[in-house]
Every structure is written in structure tokens, then in C-alpha cells.
Amino acid sequence: TEQTYIMVKPDGVQRGLVGEIIKRFETRGFQLVALKMVHASVEHLEEHYKDLKGKGFFPGLIKYMNSGPVVAMVWQGKDVVKQGRVLLGATNPLASAPGTIRGDFAIDVGRNICHGSDSVESAKAEIALWFGQDGTISYSRAVDAWIYEVSLAGQER
Ligand code: GTP
Ligand code: MG
């Protein structure tokens, strides 16, 4: 089963959007398998965003992400990496469709309130980086029979 790393950034926490962001993933039918609040260090954030090192906005990005606590989550479900980014909207909120999280709640690219893994591979690396020690929780949900056409125990979805 696919998993993705979703994070409410410091501005999302400050603006009281944690519940709203969780609600959108929950009501879509995705399953929450890890959650914690953390004030990430500069070193940790530089590792998380290492692919962007060298970009002009990198120092500002690290400062923004280090400015307060974030809510770190792992969500699970069919195609959740791609679908998670659909729920978030485009990187630049001005290009995000209404109905997406960024399109409904943000304006500036440097204050876009949430993060989602961009591939299954980066999801694995990000889950290991943020939840390495704690891991994720495996549990079954009776409601899955009403969300997935095929939901027999142990079946791929
Ligand atoms: P994340 O889900 O946060 O990883 O966003 P993304 O995958 O849509 O974009 P990307 O990984 O390329 O950039 C990571 C983050 O850096 C973005 O979410 C923005 O917060 C920030 N960022 C990206 N491009 C710009 C930019 O041109 N200017 C500024 N100020 N910030 C940027
Ligand atoms: Mg990214």
C-alpha cells in the first residue's frame, strides 16, 4: 500500500489550518498512519530540502520552515502520493485551483502552508527522515470496504 509524507508548514499551524488539512485527507478516504508535531532543526530541514540547495530562495525556505512547529503526517492509500499533491494544489498558490488546499488558503509560494512528497521514492526517504525512529502504524479500518471496491484483507490497493 502506498504512503506519502504530508506536512503542515509553520504558517499552516499558526493560521489554524491543521484540522482543515487533516479533514481533507480523511474525508477523501485516505488513512492516517503517523502524526506528530515537531519544531525541526535547520540541519533536519536542509536534509529534507537537499534537492533545492543552491536555489536563491533556499535560505528563506529554511528560515520559514524553522520559524515554528510543523505537523508531520504519513497518509496511506491507493495512489496517495499523486492524489496528495492534487489535494494540496500547485506549488505557487496563485496557480492553484480553488478547491485545493493552497488554492483555498494561500497566496505566496513562500507561504504555501503544506508539503507533500513528489514521488513514491521521495515519500520513502521523507518518511524515514521524519519518522525513522517512530515508524508508522498498521491497522485495519472497517470503512475500507465502503471506500475500495476490492478491500479483502491483505489485498493490494
Ligand atoms: P513541497 O510540497 O513543499 O515540496 O512543494 P513542491 O514540491 O510543490 O515544490 P518544491 O519542492 O519545488 O519546493 C519546495 C518549497 O519551496 C515550496 O513548497 C515553496 O514553499 C518553496 N519554493 C519553491 N519555489 C519557490 C520560489 O520560487 N520562491 C520561494 N520563495 N519559495 C519557493
Ligand atoms: Mg517538493
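The values are calculated or read from the model by the stated rules, or taken from the named source; none is laboratory data. Keep in mind it's a predicted model, so treat the numbers as computed, not measured. Note that we place each Cβ from the backbone using ideal geometry, even for glycine, and neighbour counts take in every protein chain shown. These accessible areas exclude ligands, DNA and RNA; they are computed on the full protein's heavy atoms, side chains included. Shrake-Rupley method; radii C 1.70, N 1.55, O 1.52, S 1.80 Å.
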Inset, instruction - Looking for whichever is closer than 15 Å to residue 6 by Cα and either β-branched (Val, Ile, Thr) or within 13 Å of ligand 1 (Cβ to nearest atom) (or both) here; the options are 74, 42. Which one fits? - result: 74
Legend entry - Odd one out for residue 66, checked against (1) more than 12 Å from ligand 1 (Cβ to nearest atom); (2) under 15 Å from residue 28 (Cβ atoms): (2)
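Report whether or not residue 85 is outside any loop (DSSP other than H, G, I, E, B) and in contact with a Cys (Cβ under 8 Å, 6 or more places away or on another chain). Let's see the steps before the verdict.
Details: outside any loop (DSSP other than H, G, I, E, B): yes; in contact with a Cys (Cβ under 8 Å, 6 or more places away or on another chain): no.
Answer is no for this residue.
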Inset, instruction - Name every residue in the stretch 89-129 that is within 14 Å of ligand 2 (Cβ to nearest atom) and farther than 20 Å from residue 61 by Cα, in order of residue number. - result: 119, 120, 121
Legend entry - Members of the stretch 23-48 found to be within 30 Å of residue 149 (Cα to Cα) and either without any contact (Cβ under 8 Å) to a residue 60 or more places away in the chain or acidic (Asp, Glu) (or both), listed by number: 23, 26, 27, 28, 30, 32, 35
Legend entry - All positions within the stretch 49-62 that are of a type outside the set (Lys, Arg), within 12 Å of ligand 1 (Cβ to nearest atom) and either assigned to a helix (DSSP H, G or I) or free of Cβ contacts under 8 Å to residues at least 12 places away in the same chain (or both): 51, 52, 56, 58, 59, 60, 61, 62
Legend entry - Residue in the stretch 39-55 that is open to solvent by less than 50 Å² (accessible area, probe 1.4 Å), more than 16 Å from ligand 2 (Cβ to nearest atom), modelled with pLDDT of 95 or more and touching a His at 6+ places or on another chain (Cβ under 8 Å) present: no
Legend entry - Subset of the stretch 82-92 that is in contact with a helix residue (DSSP H, G or I) (Cβ under 8 Å, 6 or more places away or on another chain) and open to solvent by 10 Å² or more (accessible area, probe 1.4 Å) - its residue that is farthest from residue 40 (Cα to Cα): 83
Legend entry - Condition met for residue 18 (open to solvent by less than 50 Å² (accessible area, probe 1.4 Å), more than 16 Å from ligand 2 (Cβ to nearest atom) and over 20 Å from residue 103 (Cα atoms)): no
Inset, instruction - Kindly list the number of the only condition in (1) assigned to a helix (DSSP H, G or I); (2) within 21 Å of residue 135 (Cα to Cα) that fails for residue 73. - result: (1)
Inset, instruction - Tell me which of these residue 36 doesn't satisfy, since it passes every other one: (1) within 16 Å of ligand 1 (Cβ to nearest atom); (2) within 15 Å of the chain's Cα centre (by Cα); (3) not in a helix (DSSP H, G or I). - result: (1)
Inset, instruction - Could you please find all residues in the stretch 95-121 being of a type in the set (Gly, Ala, Ser), part of a helix (DSSP H, G or I) and crowded, with 16+ Cβ neighbours inside 10 Å? - result: 103
